[in-house]
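**Student:** Let me begin by handing over the structure; questions about it come next.
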């Protein structure tokens, strides 16, 4: 069957279509073209061009395969880098959350410390004010006593001066001098 198809293909070729000239004549252009084509195919086969083309296609296929492998490797590397970046981003996010939580805690502690300091300051100021009030009371009491003593001494001096005679005054002075002398020695 294959032979029959090949014969039909040759009989239907354009070389047999030239009707008025014999086919195997050099004046028939179809014959010359057929011979040139066969010589061309022969030269291609002699220089092993199909093998060269096959090797070139194989080399190109190997190059494409290598590029695909490289692309896969780059894709895998990119996935690894992306995973590392996502992990790093997650770590940074967690760290920033810890920093925010720590800052909030420090702020709360600082606010509590400020409250405690304010209470202590108020207590110190109240204590200082109470001391000042007590000091002012003591000072006022001392002043009142000193005034009372001064008034009492003045009143006693008036009473004594009215009741005292010259002899009594001299005796009082001598008694006071004796007391001072006894205390000094």
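One line per residue, one yes/no per condition, for (1) more than 29 Å from the chain's Cα centre (by Cα); (2) at pLDDT 95 or above:
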{"residue": "9", "(1), (2)": "yes, no"}
{"residue": "13", "(1), (2)": "yes, no"}
{"residue": "24", "(1), (2)": "yes, no"}
{"residue": "27", "(1), (2)": "yes, no"}
{"residue": "31", "(1), (2)": "yes, no"}
{"residue": "44", "(1), (2)": "yes, no"}
{"residue": "69", "(1), (2)": "yes, yes"}
{"residue": "79", "(1), (2)": "no, yes"}
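**Student:** Condition (residue is exposed (fewer than 10 other Cβ atoms within 10 Å of the Cβ) and either at pLDDT below 95 or in a helix (DSSP H, G or I) (or both)) applied to the stretch 138-161: is it met by at least one residue? Write out each step before concluding.
**Tutor:** Of the residues in the stretch 138-161, the ones exposed (fewer than 10 other Cβ atoms within 10 Å of the Cβ) are 161.
Cutting the leftovers down to either at pLDDT below 95 or in a helix (DSSP H, G or I) (or both) gives us 161.
The answer is yes, given that some residue of the stretch 138-161 is exposed (fewer than 10 other Cβ atoms within 10 Å of the Cβ) and either at pLDDT below 95 or in a helix (DSSP H, G or I) (or both).
**Student:** Does residue 172 count as touching a helix residue (DSSP H, G or I) at 6+ places or on another chain (Cβ under 9 Å) and either in a helix (DSSP H, G or I) or at pLDDT 80 or above (or both)?
**Tutor:** On the way: touching a helix residue (DSSP H, G or I) at 6+ places or on another chain (Cβ under 9 Å): yes; either in a helix (DSSP H, G or I) or at pLDDT 80 or above (or both): yes.
Yes; evaluated as a whole, the condition is true for this residue.
**Student:** Of these, 73, 84, 112, 62, which one is surrounded by 10 or more Cβ atoms within 10 Å (Cβ to Cβ) and at pLDDT below 95? It would help to see each step written out before you state the result.
**Tutor:** Working: 73 fails: at pLDDT below 95; 84 fails: at pLDDT below 95; 62 fails: at pLDDT below 95.
The match here is 112.
The values are calculated or read from the model by the stated rules, or taken from the named source; none is laboratory data. Every value quoted in this text rests on a predicted model; they were computed, and no experiment measured them. Positions of Cβ are generated from backbone atoms using ideal geometry, with glycine treated the same way; all protein chains shown enter the neighbour counts.
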